[in-house]
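The values are calculated or read from the model by the stated rules, or taken from the named source; none is laboratory data. This one's a predicted model, so the numbers in the text were calculated from it and none came from an experiment. Cβ coordinates were reconstructed from backbone atoms using ideal geometry, including for glycine residues, and neighbour counts include every protein chain displayed.
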Ligand SMILES: *Cc1c(COP(=O)(O)O)cnc(C)c1O
């Protein structure tokens, strides 16, 4: 690790006898701490309230966050996370609802989930939705299992491979393999679309009867909407396969295109991307899945349904049901309800025209950046993009400078770097997603930073090769950090 200035640890700022709490006299007998569970050489920190607060505020300032500035981390970026949705998710009536509460006692929560299922179905043109999967990748897994069960039920269990374009998100081939199926990769053509010759060859060749389906990321990880998507869908379905759409990034489509109407059979949504839950750092996710009528009986459960219509004007009775041929449960209980709540609030606040505007601005912002940056950096697929686009981190006249150096230097300019070296099919890839909420001034500031970095690359490449210069830690040896994991803070502590 380079010349990181280590922050003093909370142990270092403590002193015996200091305390940040003032507890009442105990009214139960005192018992000693279980010493066998505690390491004698690791004392509890003794610090005052103000020291603790300062310590954690200092630490929090070392992190770059979406609340500070542009976070163009393509594909997995933080989209819009309204703070009011965090308040909604913490309303005690929701937040403290026990997952084993009787259905009678949680009709409000069930109503909300039912509405969300309906709205997600409406947004994407699907018949039915299950909210249970706990991540995008788990939604994919559910989708592929449903496809497999569908074929088995029709006596076509020999259908055991899934076509996956090489512009797919990395989770797609991983999902197929986990579901016990085989991946057949399809190349992209010179426009970044699925290579139609390769697709026809696969679907009309001798393995036609073994095609279970195709999994396609839309827009692809190149940020592109497949211009031949209808032909792709027809070709695969003609061969008896089903179409899976990876809809993690619905902020490029919602309100404008309904995947179900295009002919897709199944899709997952990432509620923690498009629909407002903050993500990253391994927090909970929600990868709801939507399906057409063919796959509806196979949805993972439980899903929320109206179990009893009331005769008068009173609201119907909602309950959990397992779809008839369900592939089963994806996780305990009913999915990550806090995220259903945020998604509900998000969609409800925007309404249908607002949802469409999100997409329009996401696409406009990405194309604005692409058009401006194309003057300075090579863009391998220079066509109208969706919510994100790829450029090559290569600067003519500065061959020693790589995408990583550009990203590190961006930190000095006060920006979070874009996604690096992904998608794999573009050399020196920088995948940039500005999102719908950025204003023109901020986009222009990013363009200016990228332009001056290109100038620096030619005139003073060393500045880039040694960047970042202003971050609390410099270049980390990520490979060594992973191989020689140090999980103990002891080396930085003074010897006792
Ligand atoms: C983020 C993402 C995923 C995976 O979602 P997780 O919740 O991280 O599992 C899948 N596909 C695409 C296109 C994504 O952007």
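Name the residue that is surrounded by the most Cβ atoms within 10 Å (Cβ to Cβ), counting only residues in the stretch 284-312 that are within 16 Å of the ligand (Cβ to nearest atom) and in a loop (DSSP other than H, G, I, E, B).
So in the stretch 284-312, the residues within 16 Å of the ligand (Cβ to nearest atom) come out as 284-290, 300.
From what is left, the residues that are in a loop (DSSP other than H, G, I, E, B) are 284-288, 300.
Working: 284: 14, 285: 20, 286: 29, 287: 31, 288: 28, 300: 26.
Checking each candidate, the answer is 287.
From the list 35, 77, which residue is at pLDDT below 90 and over 29 Å from residue 442 (Cα atoms)? Please lay out each step first, then the result.
Working: 77 fails: over 29 Å from residue 442 (Cα atoms).
Only one candidate qualifies: 35.
A quick yes/no check of all residues on (1) within 20 Å of residue 119 (Cβ to Cβ); (2) away from the ligand (no atom under 16 Å from the Cβ); (3) crowded, with 24+ Cβ neighbours inside 10 Å:
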position: 210; (1), (2), (3): no, yes, no
position: 234; (1), (2), (3): no, yes, no
position: 241; (1), (2), (3): no, yes, yes
position: 251; (1), (2), (3): yes, no, yes
position: 257; (1), (2), (3): yes, no, no
position: 264; (1), (2), (3): yes, no, yes
position: 267; (1), (2), (3): yes, no, yes
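Only one of (1) away from the ligand (no atom under 16 Å from the Cβ); (2) buried (at least 24 other Cβ atoms within 10 Å of the Cβ); (3) without any contact (Cβ under 8 Å) to a residue 60 or more places away in the chain fails for residue 245. Which number is that?
(1)
Take residue 190 and tell me if it is part of a loop (DSSP other than H, G, I, E, B), modelled with pLDDT under 95 and within 12 Å of the ligand (Cβ to nearest atom). Talk me through it step by step, then tell me what you get.
Working: part of a loop (DSSP other than H, G, I, E, B): yes; modelled with pLDDT under 95: yes; within 12 Å of the ligand (Cβ to nearest atom): no.
Spelling it out, it is not the case that residue 190 is part of a loop (DSSP other than H, G, I, E, B), modelled with pLDDT under 95 and within 12 Å of the ligand (Cβ to nearest atom).
Taking residue 362, is it touching a strand residue (DSSP E or B) at 6+ places or on another chain (Cβ under 6 Å), at pLDDT 95 or above and buried (at least 17 other Cβ atoms within 10 Å of the Cβ)?
Values: touching a strand residue (DSSP E or B) at 6+ places or on another chain (Cβ under 6 Å): no; at pLDDT 95 or above: yes; buried (at least 17 other Cβ atoms within 10 Å of the Cβ): yes.
So residue 362 fails the test.
Please indicate, with yes or no, whether at least one residue in the stretch 217-228 is in contact with a helix residue (DSSP H, G or I) (Cβ under 9 Å, 6 or more places away or on another chain), within 11 Å of the ligand (Cβ to nearest atom) and within 17 Å of residue 144 (Cα to Cα). It would help to see each step written out before you state the result.
Going residue by residue through the stretch 217-228, those that are in contact with a helix residue (DSSP H, G or I) (Cβ under 9 Å, 6 or more places away or on another chain) are 217-219, 223, 225-226, 228.
Now narrow it down to the ones that are within 11 Å of the ligand (Cβ to nearest atom): 217-219, 223.
With within 17 Å of residue 144 (Cα to Cα) added as a condition, the list becomes 217-218.
Yes - at least one qualifying residue is present in the stretch 217-228.
Yes or no: residue 394 farther than 29 Å from residue 250 by Cβ and either within 20 Å of the chain's Cα centre (by Cα) or outside any helix (DSSP H, G or I) (or both)?
yes
Which of (1) in contact (Cβ under 8 Å) with a residue 60 or more places away in the chain; (2) assigned to a helix (DSSP H, G or I) does residue 233 not meet, given it meets every other one?
For residue 233, the failing item is (1).
Among (1) touching a helix residue (DSSP H, G or I) at 6+ places or on another chain (Cβ under 9 Å); (2) more than 20 Å from residue 293 (Cα to Cα); (3) touching a residue at least 24 places away in the same chain (Cβ under 8 Å), which single condition is residue 156 missing?
Exception for residue 156: condition (2).
Residue by residue, here is whether (1) within 16 Å of the ligand (Cβ to nearest atom); (2) at pLDDT 95 or above; (3) not in a loop (DSSP other than H, G, I, E, B) holds:
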| site | (1), (2), (3) |
| --- | --- |
| 163 | no, yes, yes |
| 168 | yes, no, no |
| 176 | yes, yes, yes |
| 183 | yes, yes, yes |
| 198 | no, yes, yes |
| 202 | no, yes, yes |
| 206 | no, no, no |
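Among 60, 65, which is the only one that is in a helix (DSSP H, G or I), without any contact (Cβ under 8 Å) to a residue 24 or more places away in the chain and within 24 Å of residue 416 (Cα to Cα)?
Values: 65 fails: in a helix (DSSP H, G or I).
From the options 60, 65, the qualifying one is 60.
Out of 290, 283, which single residue is under 30 Å from residue 389 (Cβ atoms) and modelled with pLDDT of 95 or more?
Values: 283 fails: modelled with pLDDT of 95 or more.
Being under 30 Å from residue 389 (Cβ atoms) and modelled with pLDDT of 95 or more holds for just one of 290, 283, which is 290.
Would you pick out the residues in the stretch 454-477 that are in contact (Cβ under 8 Å) with a residue 60 or more places away in the chain and not in a helix (DSSP H, G or I)?
Initial filter on the stretch 454-477 (in contact (Cβ under 8 Å) with a residue 60 or more places away in the chain): 454, 457-458, 461, 464-465, 467-468, 471-477.
Passing the criteria: 467, 468, 471, 472, 473, 474, 475, 476, 477.
In the stretch 368-381, which residues are touching a helix residue (DSSP H, G or I) at 6+ places or on another chain (Cβ under 8 Å), under 22 Å from residue 220 (Cα atoms) and not in a helix (DSSP H, G or I)?
377, 379
May I ask you to list the residues in the stretch 397-413 that are in contact with a helix residue (DSSP H, G or I) (Cβ under 8 Å, 6 or more places away or on another chain) and part of a loop (DSSP other than H, G, I, E, B)?
Going residue by residue through the stretch 397-413, those that are in contact with a helix residue (DSSP H, G or I) (Cβ under 8 Å, 6 or more places away or on another chain) are 397-398, 400-401, 405-406, 408-410, 413.
Hits for the stretch 397-413 are 397, 398, 400, 401, 413.
What tally of residues in the stretch 466-485 results from selecting those that are surrounded by 10 or more Cβ atoms within 10 Å (Cβ to Cβ) and either within 30 Å of the chain's Cα centre (by Cα) or modelled with pLDDT under 85 (or both)?
Of the residues in the stretch 466-485, the ones surrounded by 10 or more Cβ atoms within 10 Å (Cβ to Cβ) are 466-477, 480-481.
The next check asks that each one be either within 30 Å of the chain's Cα centre (by Cα) or modelled with pLDDT under 85 (or both); those that pass are 467-477, 480-481.
The qualifying residues number 13.
Can you tell me how many residues in the stretch 84-141 are more than 16 Å from the ligand (Cβ to nearest atom) and part of a helix (DSSP H, G or I)?
Qualifying residue count for the region: 30.
Which condition from (1) without any contact (Cβ under 8 Å) to a residue 24 or more places away in the chain; (2) not in a helix (DSSP H, G or I) is the one that residue 351 breaks?
Result: residue 351 fails condition (2) only.
Out of all the residues in the stretch 313-329, which are within 28 Å of residue 140 (Cβ to Cβ) and outside any strand (DSSP E or B)?
If the condition is that a residue be within 28 Å of residue 140 (Cβ to Cβ) and outside any strand (DSSP E or B), then 322, 323, 324, 325, 326, 327, 328 are the ones that fit.
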